[in-house]
Amino acid sequence: MFVEDAPRQAADLAERMVPPKWSYMEELWIPIWDTINIATLGTALAIIMAFPIAFCAARNTTPSTVLVRPIALFIIVSSRSINSLIWALMLVTLIGPGVMAGVIAIGLRSIGFCAKLLYEAIEEIDPTQVEAITATGASGAQKLSYGIVPQILPAFAGISVFRWDINIRESTVLGLVGAGGIGLQLDASISTLTWTQVSLILLVILGTVIVSEWVSAKIRHAII
């Protein structure tokens, strides 16, 4: 009976959501800014942590394929296995609601994504460049700086921008569990059945995602 009644309920809900409450936009600027900050800082946190993990996971750069590499791979799999909403739910319980929980949740979720793609890029580098630098008597740090890092920088930049674009989308819903951002307003508006505010928030989220997609596409095009 619920399925049969769904079209009528959907039409009724759509009627209540029109027109959007444009005056409510004044309340959304700060939450939008918080959402962007959550995505940006979370991505930065993930990149900082993913960089050494990726080198530990790659076969051609890991200090130990027996001990270090399995630990790095375990971290990558663990990060990718838990959704950002679950991370946020746990962090809100641990450190309280707010933007900080959202930033850490996005960061923990993104580590596995960034590290996996980055370590695959490291394994695909041209070894002859590293061998040429090694032949000059370069140290390990010099081989890393001049032989490996320059080859993976384009991939690293592209991965970072792509993940930031994904995190913009994910951060819009973290407020549903109390982790800050525009999701807090969305949850409050749904709870109070203020559907004209809900429609405005959905439009704002759509606009934010479209802009972030455009920005990330421009940056990736400039890098590549």
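Only the coordinates and a few stated rules stand behind these numbers; no lab work does. Worth saying up front: this structure is predicted, and the values here are computed from it rather than measured. With ideal geometry, Cβ positions are generated from the backbone for all residues, glycine too; neighbour counts draw on all protein chains shown.
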Projected onto the charge dipole of the chain (unit charges on the beta-carbon of Lys, Arg, Asp and Glu, signs +1, +1, -1, -1), the Cα from Ala155, Gly42, Leu193 with the largest positive-side position is that of Ala155
Once the in-chain neighbours fewer than 8 apart are removed, the lysines whose Cα is under 26 Å from Lys143 read Lys116
Sorted largest first, the C-alpha extents of the stretch 137-216 along its principal axes in whole angstrom are 70, 25, 9
Taking the chain and counting helices only, DSSP H stretches of n ≥ 4 at -39,500 (n - 2.57) each over all residues, the nearest-500 ellipticity at 222 nm comes to -25500 deg cm²/dmol
The chain: spread of alpha-carbon positions along the three principal axes, whole Å, largest first, is 73, 36, 35
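For the stretch 1-113, with only Lys/Arg (+1) and Asp/Glu (-1) charged at the beta-carbon, what is the dipole magnitude about the Cα centre, in debye rounded to 20? Show your work: numbers first, answer last.
Values: 7 positive and 7 negative charges, 145 e Å.
Roughly 700 debye, rounded to the nearest 20.
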Longest principal axis of the chain (C-alpha) makes with the long axis of helix 68-81 (C-alpha) an angle, in degrees to the nearest 10, of 10 degrees
Answer in debye to the nearest 20: the dipole magnitude of the stretch 29-223 about its Cα centre, from +1 Lys/Arg and -1 Asp/Glu charges placed on Cβ, is 140 debye
Computed over the chain: longest principal axis from alpha-carbon atoms vs helix 2-16 long axis, angle to nearest 10 degrees, is 80 degrees
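I'd like the trypsin sites (Lys or Arg not before Pro) in the stretch 1-60 restricted to DSSP loop residues with at most 12 other Cβ atoms within 10 Å, sorted by number.
Working: sites: Arg8, Arg16, Lys21, Arg59; in loops: Lys21, Arg59.
Within the stretch 1-60, the qualifying trypsin sites (Lys or Arg not before Pro) (loop, at most 12 other Cβ atoms within 10 Å) are Arg59.
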